[in-house]
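Colleague: Submitted below is the structure of interest, expressed as structure tokens.
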Amino acid sequence: MKIIHTGDWHIGKIVNEFSMIEDQEYILEQLIKIIEEEKPDALVIAGDLYDRSIPPVEAVELLDRVFSRILLDMKTPILAIAGNHDSAERLSFGSKILTNNGLHIAGVFNGNIKKVVLEDDLGIVNFFMVPFADPREVRHVLKDESISTYDDAMMRVIHKIKEEIKENERNVLIAHGYVTFMKEEALGQDTEEVHIRAGLETSDSERLLSIGGTDLISAKHFDCFHYTALGHLHGPQKVGSHKMRYSGSLLKYSFSEINHKKSVTIVELNETEEVTVRLRELTPKRDMRIVRGPLNQLIDPQIYKEANVEDYVYAVLTDEGELVDPISKLRAVYPNIMGLGREEIGSKEESKTSASHGYKNKSKLQLFQEFYQAISGKELTEEKIDIVSEIIEEVERVAK
């Protein structure tokens, strides 16, 4: 059986005040083309179809058009779960009616794990769909006061699923969250480091589920599945082996993702426990990248002529001194510029605004030279020294 594993569509997302709807429609056309070429038995969406619980009208319309083409025109079943960005109730609405056309949605966690059974020449494949739910919700639904973390909640859910699993059938789990084989090693670390210590590649566009590592889920719980399709992390990556993977998001949604190669995951399940995985790379209408250099170089046609100036850009300027309205000059070349910054000089232990030891015996020029070097990391040129000397002399003359 062949499935296409995707996740984190985030339809309706706004990045730095730019709506991504046009870019999402463009990339979803590529997904539809891949479905036409691959002819999968099912399309899996591992959560976060929308970017927020109440999506804009254009986001709902786009998802409706895409689903209609996949379900009605290509007759490809869709299996989708709610992620932490979705409104579980909104996704669940009408799903019973749409199931007749091949749309299977697990939105609200109600204690009954949705199972979709598909069949190929090799037999039955069971898809267990676990929508995102926080531990409090799972604790309330299952009436189990021992549940306090995401790991507790998932362990309890998997225990319920194991009661239905038949060893002679292939079983696939669809879930959303932080899953790792390094949970214990990561616990107790700082909040900013806990997911990195857990061996997960994260990005700025992913919403934290909790603090202190209580959102980490042990991958050991999923050893009973032939394949686990995960959502939430935006970078394509495996967890331990190809039997457990994050497909990643369809588009880059932050500048921390500039090195990501976005793709969809083609998964083939044979009659044994072996899984074959291929990635089909996606090409966005506009890439997201960082440009760095002096302002005059960044707006020089000889510099940008080989690049796509329509890309989403963050500019890091390396100029010294003040610049007059640099954002307008950059926007004239890069209309989709999302941000602007100055190159940071490495921080020093001593205060940059405090004079160094022995300052009472130093001249004003010497003090300014030390100040300039502390702030810029460079020494004053002879030309600048002459200018500063003239200014100091003029100020002292007027002060007298």
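Colleague: I need every pair where a residue in the stretch 20-44 that is assigned by TED's automatic domain parsing to the domain that holds Tyr312 has its Cβ under 6 Å from the Cβ of a residue that is surrounded by 16 or more Cβ atoms within 10 Å (Cβ to Cβ) and of a type in the set (Ser, Thr, Tyr), sequence separation at least 6 or different chains.
Modeller: Once the first residue is assigned by TED's automatic domain parsing to the domain that holds Tyr312 and sits in the stretch 20-44, no partner that is surrounded by 16 or more Cβ atoms within 10 Å (Cβ to Cβ) and of a type in the set (Ser, Thr, Tyr) comes close enough.
Colleague: Name the single residue that is farthest from Pro335 (Cα to Cα) among those in the stretch 1-57 being in a loop (DSSP other than H, G, I, E, B) and more than 18 Å from the chain's Cα centre (by Cα).
Modeller: Only one residue tops the list, namely Met1.
One line per residue, one yes/no per condition, for (1) part of a loop (DSSP other than H, G, I, E, B); (2) closer than 26 Å to Asp41 by Cα; (3) of a type in the set (Asp, Glu); (4) at pLDDT below 95:
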{"position": "Ile124", "(1), (2), (3), (4)": "no, yes, no, yes"}
{"position": "Phe127", "(1), (2), (3), (4)": "no, yes, no, no"}
{"position": "Pro131", "(1), (2), (3), (4)": "yes, yes, no, no"}
{"position": "Ala153", "(1), (2), (3), (4)": "no, no, no, no"}
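Colleague: So in the stretch 63-92, with the set limited to residues that are among the β-branched types (Val, Ile, Thr) and assigned to a helix (DSSP H, G or I), which one is surrounded by the fewest Cβ atoms within 10 Å (Cβ to Cβ)?
Modeller: Val66
Colleague: While we're here: Within the stretch 280-335, how many residues are of a type in the set (D, E, K, R), within 30 Å of Glu29 (Cβ to Cβ) and part of a loop (DSSP other than H, G, I, E, B)?
Modeller: Counting residues in the stretch 280-335 that are of a type in the set (D, E, K, R), within 30 Å of Glu29 (Cβ to Cβ) and part of a loop (DSSP other than H, G, I, E, B) gives 7.
Colleague: Still on this structure, please answer the following. Can Leu251 be described as at pLDDT 95 or above, crowded, with 16+ Cβ neighbours inside 10 Å, over 21 Å from Leu79 (Cβ atoms) and of a type in the set (A, V, I, L, M)?
Modeller: It is true that Leu251 is at pLDDT 95 or above, crowded, with 16+ Cβ neighbours inside 10 Å, over 21 Å from Leu79 (Cβ atoms) and of a type in the set (A, V, I, L, M).
Colleague: From Val117, Val138, which residue is surrounded by fewer than 22 Cβ atoms within 10 Å (Cβ to Cβ) and closer than 23 Å to Ile4 by Cβ?
Modeller: Val117
Colleague: Test Asp48 against the stated conditions and say whether it is exposed (fewer than 14 other Cβ atoms within 10 Å of the Cβ), acidic (Asp, Glu) and under 30 Å from Phe18 (Cα atoms).
Modeller: In short, no.
Colleague: I would also like to ask the following. Going by the conditions given, is Thr265 in a strand (DSSP E or B) and crowded, with 21+ Cβ neighbours inside 10 Å?
Modeller: For Thr265, the condition - in a strand (DSSP E or B) and crowded, with 21+ Cβ neighbours inside 10 Å - is met.
The values are calculated or read from the model by the stated rules, or taken from the named source; none is laboratory data. The structure displayed is predicted, hence computed values, not measured ones. Methodologically, a virtual Cβ is constructed for each residue, glycine included, from the backbone with ideal geometry; neighbour enumeration extends over all protein chains shown.
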